[in-house]
Structure formats: C-alpha cells, structure tokens
Amino acid sequence: MTDQIFRIPPYALTALCAPQAGPLRGSLRVDVALVGAGFSGCIAALELSRRGLSVALIEAGEVGQGGSGRNHGQCIPVFGYLDETQLPPAGFALLRDAGRLVFDQIAELGIACDPVQKGWLQAAHSAKGLERARATHARYAALGKADAFLDPEEIAALSGVSGTFGGWLHRDGGHLNPLAYVRGLARAAQAAGARLHTRTPVTGLRRGRDGAWTLATPEGEITARKVGLATNAYGMGAVPARMRASLVPMTSYAIASAPLQPHQRAAVLPSGVNFSDTRRDPMFFRVDATGRIITGGLVELRRGRWTAPTVAEQGARLARRFPELQGLVWTHHWTGTVGISARQRPAIFELEEGLWGLLGYSGRGVPTSAVLGRAFAATLTDPAEGARLWPADPPARIPAGRLIGLAVQSLRGPVNKLRDRLS
C-alpha cells in the first residue's frame, strides 16, 4: 500500500545537517586533491590530514548526494574478494575486520548515525540454500567472525522468521543511517584540517610541466602534487574516460515503509539484526532507528522501476514472513547507481603519474570503503605503502558497460526467480 511516495531516502529526516561547506572560489594549492565526498573520499581525506598533508576534498553536489547517501544502510562484511591469495596480508586482515572498522570509527569520531551492530543474519530457505549457508559460515567461523551454526528456532528468535532450515550470524555486521554517517566523516575530515568544497564539479584536469596537477572548477582551481578520484559510478565531466570505462553501472533501488506499529516492531527482527536469505532472488531488509523497514535490490523491468508493483511484490514477500505486516504502508522509493568492476572487487590504480583512481565496490560500499579509504590514503602518500594494503592494479576496460548493465538488470530478476522455483 502507498500513501504519498517520496522519491528520496528518508535519511535526512533524522541526520544532522550537512557540514558547512560551499563552492571553491579562487585558487588553492595542496598536497593532495580528492574528488568525491562519499565514504571513501571522506575517509581518505581524514587519513591524509592526520598524516600532516594538506588536502582539498571537492564534491560536485552535496556530501552524500551519490551512492554513499542513497544506499540501503547495511554493513554486510561478506565479500567474494576476501582472498588471502589475491590480497596482501595487511589488506586481507583489514577487509576481514571491515565491519568492526566501520563501527569502531563511528564510536571514535562520535558520529550520530544510528549505528546498530547486532550482526548480519543469513537464513537458509531450502536444503540447497542450507548447503550454501553452511559453506559460507564455515569460512567466516574459521576467521573468528561467526559462532556456531544456528538452528531454525534460533533463527526465528533472532529474526521473527519461521520455517527456515537454519542459518548463521556474522557478528561484525550491522546497519546505520548512511547519510548521517558520511556527513559525520566529512565533518571529521574538516576538523582534521581538510578543505571541503561542495557544489564544485571538476571541469578540467591537466598536468603541468612541473608534474603538479591542476583541477579547474567553475569558480576556481586547485593545484596538487597528487589527485585521487573517488567518484566510483558517479564520475562525470572531466573524470577520465578510463575510469568510466572500467565499470558496469547498475541501478539499485530501495523502499522504506512508514514506521512500524509497536506490535509489528516486536515481531520483525526483534534482535536488531540485518536479515537476508539464501534465495537467488534474495530478500534482505533491516529496520532502522525510526522503525521503518528498508529493503531493495537491483532495478528490473518492473520491480524497482515502478513504485506500485515494487511495493506490492516486496510487501507480499514480507507479509508471508510476518502476517503482522499485511497492508504495510510504504512512504519512500529511491534509486542509486552501483559500480561493478570486471573482477567484482574494488580497484586502486594510477591513470597517469600522480593521478589515481578508486572504484568498483560492487554493492559492498559501507564496509569496504572503511578499508579502501585507508588504502587510498596510504597509496596517495606512498604507493609502496599503499601496495601493502591493496594491490595497485588497473581494472579491465569494459566495452559497452552501460548496455551490459541494462541487459543484466533486465534478465537477472526473472532468471533468479526461475532458479529459485527449480531448486
């Protein structure tokens, strides 16, 4: 059911106001210029400033206007690229602890973003799903991130969902208000000495004979020894085509309900966990600090694109798990862009001498940025130091990435629904 549907996230309703910043006017000379004030750009600016470097952080719109303020707000520290054979030991350890890093930094900086770290719960919906869940659990239990495998009754106690085959809990998972989180990171970067300028798109980018880079903006320019591009799938304008050609952009959607009634809130995820199941067409959701259910996925031909069928389908899926949610009212429906790299893992790479890019979170931006923001700062300080945290390897170019993204989004939903029916 819908009343009035807002096409923006509800996060600004409870987030502290944006940090004081405005367009760059005039000339500025710094050690490092960072483009993109999302999670990664803000964390890198904070880390570089703490190292004593002068930093300019610029954002074409407002802080959190891109993916960092439009995602689902889930911190799910489970990664296909958590691979000790592909990552340096220090980087592997950071990624393993990415969920803890997020919430530890929130506590350290005192960011008011409604953080809840009660874990990420994966419930097996079938016998085959149980096999997959047990395999994933075994891997993360060996890393010290999960306790014993849970039986159906324990899943029901944590989530309120009955009829599962069991599951497991990643103890470092959780959720937060992502807009409030990125605004808090930006404030912390400012407090550490970084110069933040919003509404400052890059209109030109050139390297001088002395090796320094100049970033032209509508009302000024920045000269820097090194430049870090942290725009991910939101790179526009003067961001090099090499960055844009390294991603398959896909559109994600999210919907948020009206705040639950007390009896509904008591039934839905009473322990505060994030929920996901093992379906190929997964159902994942959380309940935020105001009692809203937030769920979503990739935009398909109908689901995610059009509000009425989206809330009807997702509302029915939730009501099958929680009868208390029959007739749930939905108030918000919004979209964002996800950047998928060829290796489906983030990449740090040098486009030209002193010009570095960071991209490719593939839907795990909250926990992964806690690692990659640090690795990016280390790389911009000293590439050899950065390589000890994350490999500096250019991602493959992806011809016709936008067309590939549209094709995958159109086919993925129906194919996964069919696979679920056949399994």
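Worth a mention:
- Any pair with Cβ under 6 angstrom, 6 or more apart, that starts in the stretch 216-227 at a residue that is small (G, A, S) and ends at one that is surrounded by 17 or more Cβ atoms within 10 Å (Cβ to Cβ) and assigned to a strand (DSSP E or B): A224/V30; A224/V32; A224/A33; A224/W213
- Residue in the stretch 235-257 that is farthest from H72 (Cα to Cα), counting only those that are among the aliphatic types (A, V, I, L, M) and surrounded by 19 or more Cβ atoms within 10 Å (Cβ to Cβ): V239
Each row is one residue, and each column tells you yes or no for (1) touching a His at 6+ places or on another chain (Cβ under 6 Å); (2) at pLDDT below 95.
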| residue | (1), (2) |
| --- | --- |
| A98 | no, no |
| V102 | no, no |
| L109 | no, no |
| C113 | no, no |
| V116 | yes, no |
| A123 | no, no |
| K128 | no, yes |
| T136 | no, no |
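- When the test is whether a residue is over 17 Å from G235 (Cβ atoms) and either among the small types (G, A, S) or crowded, with 22+ Cβ neighbours inside 10 Å (or both), A370 passes it.
- When the stretch 318-343 is filtered for residues that are over 17 Å from H263 (Cα atoms) and modelled with pLDDT of 95 or more, the ones remaining, listed by number, are W330, T331, H332, H333, W334, T335.
- Test: residue in the stretch 361-368 that is under 30 Å from P115 (Cα atoms) and among the polar types (S, T, N, Q): yes
- For the stretch 262-275, taking the residues that are closer than 14 Å to G73 by Cβ and touching a Leu at 6+ places or on another chain (Cβ under 7 Å), the one that is surrounded by the fewest Cβ atoms within 10 Å (Cβ to Cβ) is identified as V273.
- Test: residue in the stretch 249-263 that is out of contact with any helix residue (DSSP H, G or I) (no Cβ under 8 Å at 6 or more places or on another chain) and part of a helix (DSSP H, G or I): yes
- Residue check for T200: under 15 Å from A33 (Cα atoms), in a strand (DSSP E or B) and either modelled with pLDDT under 95 or among the β-branched types (V, I, T) (or both): no
- Selection count where residues are within 19 Å of F39 (Cβ to Cβ), outside any strand (DSSP E or B) and of a type outside the set (S, T, N, Q), scope the stretch 211-236: 5
- Close Cβ contacts (under 6 Å, 6 or more residues apart or on different chains) running from residues in the stretch 344-360 that are closer than 16 Å to A387 by Cα to residues that are among the basic types (K, R) and surrounded by fewer than 24 Cβ atoms within 10 Å (Cβ to Cβ) comprise L351/R242; G354/K226.
- Hey, G386 under 18 Å from L46 (Cβ atoms), touching a helix residue (DSSP H, G or I) at 6+ places or on another chain (Cβ under 6 Å), surrounded by fewer than 23 Cβ atoms within 10 Å (Cβ to Cβ) and not charged (D, E, K, R) or not: yes
- Condition broken by G64, with the remaining ones in (1) surrounded by fewer than 23 Cβ atoms within 10 Å (Cβ to Cβ); (2) on the phi > 0 side of the Ramachandran plot satisfied: (1)
- Subset of the stretch 33-73 [among the aliphatic types (A, V, I, L, M) and assigned to a helix (DSSP H, G or I)]: I43, A44, A45, L46, L48
- Test for A192: is it surrounded by fewer than 22 Cβ atoms within 10 Å (Cβ to Cβ), small (G, A, S) and touching a helix residue (DSSP H, G or I) at 6+ places or on another chain (Cβ under 8 Å): yes
- Taking first residues from the stretch 308-329 that are of a type in the set (F, W, Y) and partners that are crowded, with 20+ Cβ neighbours inside 10 Å, the Cβ contacts under 6 Å between residues at least 6 apart in sequence or on separate chains come to F322/V268.
- Top-ranked residue of the stretch 312-342 - restricted to ones that are surrounded by fewer than 21 Cβ atoms within 10 Å (Cβ to Cβ) and basic (K, R), ranked as farthest from the chain's Cα centre (by Cα): R320
- Within the stretch 1-35, tally of residues that are over 30 Å from V287 (Cβ atoms) and either crowded, with 20+ Cβ neighbours inside 10 Å or out of contact with any helix residue (DSSP H, G or I) (no Cβ under 9 Å at 6 or more places or on another chain) (or both): 14
- Residue in the stretch 44-59 that is surrounded by the most Cβ atoms within 10 Å (Cβ to Cβ), counting only those that are among the charged types (D, E, K, R) and under 19 Å from E385 (Cα atoms): E47
- Among the candidates A12, A21, residue that is of a type in the set (A, V, I, L, M, F, W, C), assigned to a loop (DSSP other than H, G, I, E, B) and over 23 Å from L355 (Cβ atoms): A21
- Residue in the stretch 103-121 that is within 19 Å of the chain's Cα centre (by Cα) and of a type in the set (F, W, Y) present: yes
The values are calculated or read from the model by the stated rules, or taken from the named source; none is laboratory data. It should be emphasised that the depicted structure is a prediction, and the values quoted were computed from it without experimental measurement. Quick reminder, even Gly has a Cβ in these numbers, built from the backbone with ideal geometry, and neighbours come from all protein chains shown.
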